[in-house]
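As structure tokens, the structure follows; a few thoughts come after it.
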Amino acid sequence: MLTLDARVEVTCTETEQMAPATIVRIQGKRVDVVLDQGGGDIIISMVMQRSGLYVGNQSGLEFTMRT
């Protein structure tokens, strides 16, 4: 179950790199996460594609999150 302020891992599908993130908003099938990277907040809006899989795009890259 997803909750606000939960720590999750997002994966860039192009580079296969994983990054820590924090859930900041939950609205229906959409979840917004903030990447925990220095130098500013990067928010990725992710949409549930199927149970346990969320997909979002930012800066021309695709990111996935599994729950």
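The values are calculated or read from the model by the stated rules, or taken from the named source; none is laboratory data. The structure displayed is predicted, hence computed values, not measured ones. Because the Cβ atoms are built from the backbone with ideal geometry, glycine has one as well, and the counts that use them run over all protein chains shown. Just so you know, the surface numbers come from the protein's heavy atoms only, side chains and all, with ligands and any DNA or RNA stripped out. Shrake-Rupley method; radii C 1.70, N 1.55, O 1.52, S 1.80 Å.
General observations
- Restricting ARG7, ARG50 to those that are open to solvent by 100 Å² or more (accessible area, probe 1.4 Å) and in contact (Cβ under 8 Å) with a residue 12 or more places away in the chain reduces the list to ARG7.
- Condition met for GLU16 (open to solvent by 80 Å² or more (accessible area, probe 1.4 Å), free of Cβ contacts under 8 Å to residues at least 60 places away in the same chain and outside any loop (DSSP other than H, G, I, E, B)): no
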